[in-house]
Amino acid sequence: MAAILTPMQVPLRLGTLEIPGRTVVRSGLRWLREDGQICHAGEVVAYCSIDVWSPKGKSATPGPFSDERRDFQVAISTPVSGRLHHASGATRGGFFDQLNMFKWFEDFVIGHIDVASPAGATAEAAEVQLLMLAGRRTTELAEVRSGMMTGWYDRSRGWRVQGDGPMGTLLSLGTCELDGVIKGERSAFLEIFEAIEGSAHVVFMPDPPLVPSARFLAEQIIRTPAQFQEIAQDFTAALVNGEVQPAAQDWLFAGAFLMGLQRSPITDSYPILSRSGLLEAGPANAVILSLNAEPMHLLRHRKLGYSIWIHGWRMVELGKAVSQWFAANFELAQRSVADIQSDYRALIDLIRERAPETQILICNRMSTSEAEDVQNYAGFDAPLGATLMTVNAKDLNLMLYDLARERDIAVVDIDAIAAEFGARAHLHVDVHQSGPMQAEIRAEVLRILDARGVPGFVRRRRHRA
Amino acid sequence: MLLNLILPRFNPYMSTAIIDVVYPKVGDAITIGGKLMDVTIDLSAMAPHDCPPISYYRLIGRDRVWLRRLDVAVGGEPEVGASLALFSTEPDEELDSAPAREIRVSIAGIMGRQAWPQF
């Protein structure tokens, strides 16, 4: 005889989150699921802002998250499936749900889940699951607290600590085609964490204004503070003393440009707030790069020799002073496919010199075009790779496979996935994928990380699509 | 027989193309696979945040013809459907009849200079 099931209320409590000697504070909750909505275990139902205050007050001493504290958030998942009910007072609206006005109490109950249980069963409160999110603003002026990870960040990241196993860090350093793959539809890493179990940490670096080519990333690793100072002085002196008076947009660009040159994300380490206190992660266990970040020429500073790339359409939008500085001080340095391979080798060796176990993943390029219907190649000058975009992409993809054999890297075969999905329906201008295609690429990235044993990136057996 | 070349919509978002290069001169014979024109499709105005909004294409002839009239010049920006050129299948054919059909062309994305106004 079947047991009679009745609704049982499972209270959802925040659970422990503390750092000895500091105070963890939070905002009110912003709900992502309606009161009364059915939710599955592991589903993110709400989020709030969070901060770690020092003993002497909000800003007396810099805390471990001092450069992320204004966009430090936690996404809250239900540990059990059932019908969600919000607790009164969990959300306060307005600034109360944006600013960190409340102490984090482990016994605070945000709501409850109605689960179907045998009659007479009693439920203990369940601890919610936490996905921590942090954005490092390009400038503290970028005040955008409208949602989850909605600011202008030069780095955003998410992590979840589960159990005592080792935590792995994935660092994404590609162009825009990795944006949705890594950060997902809500730009808050929800999909990638829903697809894995274990303690994992995902870091995303965007490509504006400086595109993360292999040579640029290698130069970031080896650039000394003195060399950076020389670059900064050269740039600022040129702006101040140039013929064109810099306008506001020149200075805004200058700040982001110098910030990008100064960073070295591959060697970064990161503070991690967890149920068991403050941990440290990084440098990354796995780095994912993109062949779309490797144009056939880079901009090289004539005097100081450093190399950068900025997407052409951004250059069109530059202020006059910065634009003139580029024209006067940089040259376009042509690169061959072999040069790009050489840059990759140098970067991979630099990374593994410091952390030999680092896994490197590189996304290849879509190498066919829906606009192309060539039946006769007589009208294209040899070598075809220097003339035709699609042949160039094929040459670069082949180079990646040679590199994979030589340096034991993994190729994320976007070319094959795009062909299987159909570019007309799923790929805009050879780069921007549809949601389903992003999900497929994400699954492929996670399959590679799992197969290569990157800690924390174990795929869930039954991933909800 | 007269054949015309009109600007095709080979990118679903394009409305015009900028003529970068016209390879043949009026009167030149075009072989199968001969270069006709290189064009730039600039989608910056409609999709400023989409990368890459500027792309480059080459039009290749797939008929054995003679170029008899050019309707565009380098730097021009004809709209989709505009006449670019008129060809004939004989070198000295009269041009007073209507084109029998469009010239067959192949189109391919080519490596263009980057959209850097500074260089």
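Amide H contacts for A:HIS297 (H built 1.01 Å from N in the peptide plane; partners 5 or more residues away or on another chain; cut-off under 5 Å): A:ARG335.
Once R0 is set to 22 Å, what does the formula 1/(1 + (r/R0)^6) return for the Cβ-Cβ distance between B:ALA100 and A:GLU370, expressed as a FRET efficiency to the nearest 0.05? Please list the in-between numbers first.
Numbers: r = 29 Å, r/R0 = 1.30.
Once the sixth-power term is evaluated, E becomes 0.15.
The simple Förster model, with R0 at 35 Å and r as the Cβ-Cβ distance, assigns A:ARG447 and A:GLN262 a FRET efficiency of 0.50.
May I ask you to list the residues of segment A:9-24 whose amide nitrogen lies under 19 Å from a point 7 Å from Cα along the Cα→beta-carbon direction of A:PHE96? In segment A:9-24, the label zone of A:PHE96 (backbone N under 19 Å from the point 7 Å along Cα→Cβ) covers A:14.
Between A:THR150 and A:GLU106, the simple label model (points 7 Å from Cα in the Cβ direction) yields a spacing of 3.3 nm. Here the Karplus curve 6.51 cos²θ - 1.76 cosθ + 1.60, taken at θ = phi - 60°, turns the phi angles of segment A:435-444 into couplings of x, x, 6, 4, 4, 5, 5, 4, 4, 5 Hz, with x standing for Gly and Pro. The simple Förster model, with R0 at 60 Å and r as the Cβ-Cβ distance, assigns A:LYS320 and A:ASP164 a FRET efficiency of 0.60.
Here the simple spin-label model places points 7 Å from the Cα toward Cβ, and for A:GLU353 and A:SER434 these points are separated by 4.6 nm.
Helix-only estimate, please: 222 nm mean residue ellipticity of chain A, summing -39500 (n - 2.57) across DSSP H runs of length 4 or more and dividing by its residues, to the nearest 500. List each step's numbers first, then the result.
On the way: 12 runs with 132 residues, N = 465.
For chain A, the value works out to -8500 deg cm²/dmol.
Normalising the average separation of contacting C-alpha pairs (under 8 angstrom, six or more residues apart) by the number of residues puts the relative contact order of segment A:8-147 at 39 percent.
Report the extension gain between A:ARG459 and A:ALA226 in nm, rounded to one decimal, defined as 0.36 nm multiplied by the number of residues separating them, less their alpha carbon distance. Don't skip to the answer; put the middle values down first.
Numbers: separation 233, 0.36 × 233 = 83.88 nm, distance 4.36 nm.
Length gained, A:ARG459 through A:ALA226: 79.5 nm.
Relative contact order of chain A: 15 percent, from C-alpha pairs under 8 Å at least 6 residues apart in sequence.
Full-extension gain between A:ARG405 and A:ALA116, please, as 0.36 nm times their residue separation minus the C-alpha to C-alpha distance.
Working: separation 289, 0.36 × 289 = 104.04 nm, distance 5.33 nm.
Gain on stretching A:ARG405 to A:ALA116: 98.7 nm.
A P(r) calculated from all alpha carbon pairs of chain A, with 10 Å bins opening at zero, reads 4, 18, 27, 25, 16, 7, 3, 1, 0 percent.
Length gained on full extension, A:LEU278 to A:VAL240: 9.3 nm, using 0.36 nm per residue less the C-alpha separation. Label-to-label distance for A:ALA142 and A:ARG83 is 4.3 nm, based on points extended 7 Å past Cα in the beta-carbon direction.
We did not get these values from a lab; they are worked out from the coordinates using the rules stated. The structure displayed is predicted, hence computed values, not measured ones. Counting neighbours? That spans all protein chains shown, and the Cβs are built from the backbone with ideal geometry, glycine included.
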